[in-house]
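The values are calculated or read from the model by the stated rules, or taken from the named source; none is laboratory data. Keep in mind that this is a model prediction, so the values were computed, not measured. Glycine also receives a Cβ, built like all others from the backbone with ideal geometry; neighbour counts cover every protein chain displayed.
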Amino acid sequence: MKRIIIISALLAFAAAGRAQVTSSNATEDAQQTVQLAMSNALEITFVAASSSTGSTVTLPFTSVSNFASGVTSSTQQLRVRSNKNFNVSVKASGSFFTVSDGNTTSTSTMPVSVLSLSVPNNNTGGYLGYGFSAYSYKALSASNATLIINGDNGGDQTFSIRYKANPGFAYPAGTYSTDVVFTATQR
């Protein structure tokens, strides 16, 4: 019986020794650095067109009342996506409208200042530049005017604009055009 107890004790001791060896497995680590090489990102687009080129805005002058008090456009929404805070400026592409009578296009004598702009919605986190408002219109020119100041970085910073044209009765019939340029600049 002593033999059985001694053999049992030796077997238990050996099993315990094996358990210690198997429970302390060796480990080793490997590591590497991952870098994100990010550049500055900036985009300004017209929401409806999903493009930096918006659709043509036509302001129809079809009555004497339109010529007397002007015509207002529907709201146009723009989106800025930027990884830094930003400003937005606006200008007309030239000092005068071009005019087409259906056959020829030429520079007219109508100044772009007959076209003005308001900002009925500003969801950029920034504030409006001097003279711009949700309730009144500021005349455009061929020089940049700061429209949005210190817009927040983000992927969905939007603002809406509305145009108003009031050329009066000084210009003959035709299709008068100008390009309005919005420029986003990171701060």
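Please determine, by comparing only the residues of segment 58-116 that are basic (Lys, Arg) and out of contact with any Phe, Trp or Tyr (no Cβ under 9 Å at 6 or more places or on another chain), which one is surrounded by the most Cβ atoms within 10 Å (Cβ to Cβ). Reasoning before the result, please.
Within segment 58-116, the subset basic (Lys, Arg) is 79, 81, 84, 91.
Now drop any that are not out of contact with any Phe, Trp or Tyr (no Cβ under 9 Å at 6 or more places or on another chain), which leaves 81, 84.
On the way: ARG81: 16, LYS84: 13.
Going through the qualifying residues, I end up with ARG81.
GLU43 - would you say it is at negative phi and either modelled with pLDDT under 90 or under 18 Å from the mean Cα position of the chain (by Cα) (or both)? Can you show your working first?
Details: at negative phi: yes; either modelled with pLDDT under 90 or under 18 Å from the mean Cα position of the chain (by Cα) (or both): yes.
Taking the combined requirement at face value, the residue satisfies it.
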Notebook entry, point to check: In segment 52-60, is there at least one residue being within 19 Å of the chain's Cα centre (by Cα), within 15 Å of THR158 (Cβ to Cβ) and either assigned to a strand (DSSP E or B) or touching a residue at least 60 places away in the same chain (Cβ under 8 Å) (or both)?
Noted result: no
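If you go through segment 88-96 one residue at a time, do you hit one that is at pLDDT below 95, among the hydrophobic types (A, V, I, L, M, F, W, C) and farther than 20 Å from ILE161 by Cα? Give the steps one after another, and end with the answer.
So the first thing to find is which residues in segment 88-96 are at pLDDT below 95, and the list is none.
So far as segment 88-96 goes, no, none of its residues is at pLDDT below 95, among the hydrophobic types (A, V, I, L, M, F, W, C) and farther than 20 Å from ILE161 by Cα.
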Margin query: I need a count of the residues in segment 90-112 that are under 11 Å from VAL180 (Cβ atoms) and in a strand (DSSP E or B).
Written below: 3
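Residues checked against (1) more than 26 Å from SER51 (Cβ to Cβ); (2) modelled with pLDDT of 95 or more; (3) touching a Gly at 6+ places or on another chain (Cβ under 8 Å); (4) of a type in the set (S, T, N, Q):
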position	(1), (2), (3), (4)
ARG81	no, yes, yes, no
ASN85	no, yes, yes, yes
SER106	yes, no, no, yes
ASN121	no, yes, no, yes
LEU128	no, yes, no, no
SER133	yes, yes, no, yes
ALA142	no, yes, yes, no
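So that you can scan it fast, the table gives a plain yes or no per residue for (1) without any contact (Cβ under 8 Å) to a residue 40 or more places away in the chain; (2) under 18 Å from THR56 (Cβ atoms); (3) in contact with a helix residue (DSSP H, G or I) (Cβ under 7 Å, 6 or more places away or on another chain); (4) surrounded by 14 or more Cβ atoms within 10 Å (Cβ to Cβ):
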residue: GLY126; (1), (2), (3), (4): no, no, no, yes
residue: SER141; (1), (2), (3), (4): no, no, yes, yes
residue: ALA145; (1), (2), (3), (4): no, no, no, yes
residue: ASN150; (1), (2), (3), (4): no, no, no, no
residue: GLN157; (1), (2), (3), (4): no, no, no, yes
residue: ARG162; (1), (2), (3), (4): no, yes, no, yes
residue: PHE182; (1), (2), (3), (4): no, yes, no, yes
Item checked: Of the criteria (1) under 19 Å from GLN77 (Cα atoms); (2) in contact (Cβ under 8 Å) with a residue 24 or more places away in the chain; (3) surrounded by 20 or more Cβ atoms within 10 Å (Cβ to Cβ), which one PHE132 fails -> (2)
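With the structure loaded, tell me whether TYR171 is over 22 Å from THR45 (Cβ atoms), out of contact with any helix residue (DSSP H, G or I) (no Cβ under 7 Å at 6 or more places or on another chain) and surrounded by fewer than 17 Cβ atoms within 10 Å (Cβ to Cβ) or whether it fails that test. I'd like the intermediate steps shown before the answer.
Working: over 22 Å from THR45 (Cβ atoms): yes; out of contact with any helix residue (DSSP H, G or I) (no Cβ under 7 Å at 6 or more places or on another chain): yes; surrounded by fewer than 17 Cβ atoms within 10 Å (Cβ to Cβ): yes.
Criteria met by TYR171.
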Next item on the list: Provide a single number: the residues in segment 61-101 that are over 16 Å from SER116 (Cβ atoms), without any contact (Cβ under 8 Å) to a residue 12 or more places away in the chain and not hydrophobic (A, V, I, L, M, F, W, C).
Entry: 3
